[in-house]
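K.L.:
Submitted below is the structure of interest, expressed as structure tokens.
The values are calculated or read from the model by the stated rules, or taken from the named source; none is laboratory data. Treat the numbers as computed from the prediction; the structure is a model and nothing was measured. Please note: Cβ atoms are built from the backbone with ideal geometry, for glycine as well, and neighbour counts cover all protein chains shown. Surface areas here come from the heavy atoms of the whole protein model, side chains and all, with no ligands, DNA or RNA. Shrake-Rupley method; radii C 1.70, N 1.55, O 1.52, S 1.80 Å.
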Amino acid sequence: MAYAISDECISCGACAAECPVNAISEGDGKYEINADLCTECGSCASVCPVGAPAQA
Ligand code: SF4
Ligand code: SF4
């Protein structure tokens, strides 16, 4: 299962900078993960200040 970003996201952008496959982009009010690109590395979850990315 790919990671997904919850509504807790505060759009800080930290996760997008860390994603090795550029699967994260700014969406409408929060950041979003392209599930087709995500390799489940967990980097986004480890840098997020509010714990928004989680395995869906
Ligand atoms: Fe990118 Fe890894 Fe997060 Fe997937 S788990 S969105 S590959 S940083
Ligand atoms: Fe949102 Fe967390 Fe990513 Fe920041 S690091 S943009 S709060 S999901």
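K.L.:
Is it the case that the stretch 16-31 has a residue that's in a loop (DSSP other than H, G, I, E, B) and either in contact with a Phe, Trp or Tyr (Cβ under 8 Å, 6 or more places away or on another chain) or among the basic types (Lys, Arg) (or both)? Write out each step before concluding.
P.N.:
Step one: list which residues in the stretch 16-31 are in a loop (DSSP other than H, G, I, E, B), which gives 19-23, 27-30.
Within this subset, residues satisfying the condition of being either in contact with a Phe, Trp or Tyr (Cβ under 8 Å, 6 or more places away or on another chain) or among the basic types (Lys, Arg) (or both) are 30.
Yes: the stretch 16-31 contains one or more residues that are in a loop (DSSP other than H, G, I, E, B) and either in contact with a Phe, Trp or Tyr (Cβ under 8 Å, 6 or more places away or on another chain) or among the basic types (Lys, Arg) (or both).
K.L.:
Let me ask something else. Check off (1) within 9 Å of the chain's Cα centre (by Cα); (2) touching a residue at least 40 places away in the same chain (Cβ under 8 Å) for Glu32 and give me the number that stays unchecked.
P.N.:
(2)
K.L.:
Restricting attention to the stretch 35-44, report how many residues are under 16 Å from Ser6 (Cβ atoms) and open to solvent by 40 Å² or more (accessible area, probe 1.4 Å).
P.N.:
Just the residues of the stretch 35-44 that are under 16 Å from Ser6 (Cβ atoms), to begin with: 35, 38, 42, 44.
Those still in the list that are open to solvent by 40 Å² or more (accessible area, probe 1.4 Å) too: 35.
Number of matching residues: 1.
K.L.:
Please find, within the stretch 1-15, the residue that is nearest to ligand 1 (Cβ to nearest atom) out of those that are in a loop (DSSP other than H, G, I, E, B) and surrounded by 11 or more Cβ atoms within 10 Å (Cβ to Cβ). Before you say what the answer is, go through the steps one by one.
P.N.:
Here is the first cut: in the stretch 1-15, the ones in a loop (DSSP other than H, G, I, E, B) are 1-2, 6-13.
Applying the additional criterion that residues be surrounded by 11 or more Cβ atoms within 10 Å (Cβ to Cβ) yields 2, 6, 8-13.
Details: Ala2: 6, Ser6: 13, Glu8: 15, Cys9: 12, Ile10: 17, Ser11: 15, Cys12: 14, Gly13: 13 Å.
For the stretch 1-15, the residue satisfying everything is Ala2.
K.L.:
If you check every pair at least six apart or on different chains, which have Cβ atoms under 6 Å apart with a residue in the stretch 7-20 that is under 10 Å from Glu32 (Cα atoms) and free of Cβ contacts under 8 Å to residues at least 24 places away in the same chain first and a residue that is part of a loop (DSSP other than H, G, I, E, B) and within 13 Å of ligand 1 (Cβ to nearest atom) second?
P.N.:
none
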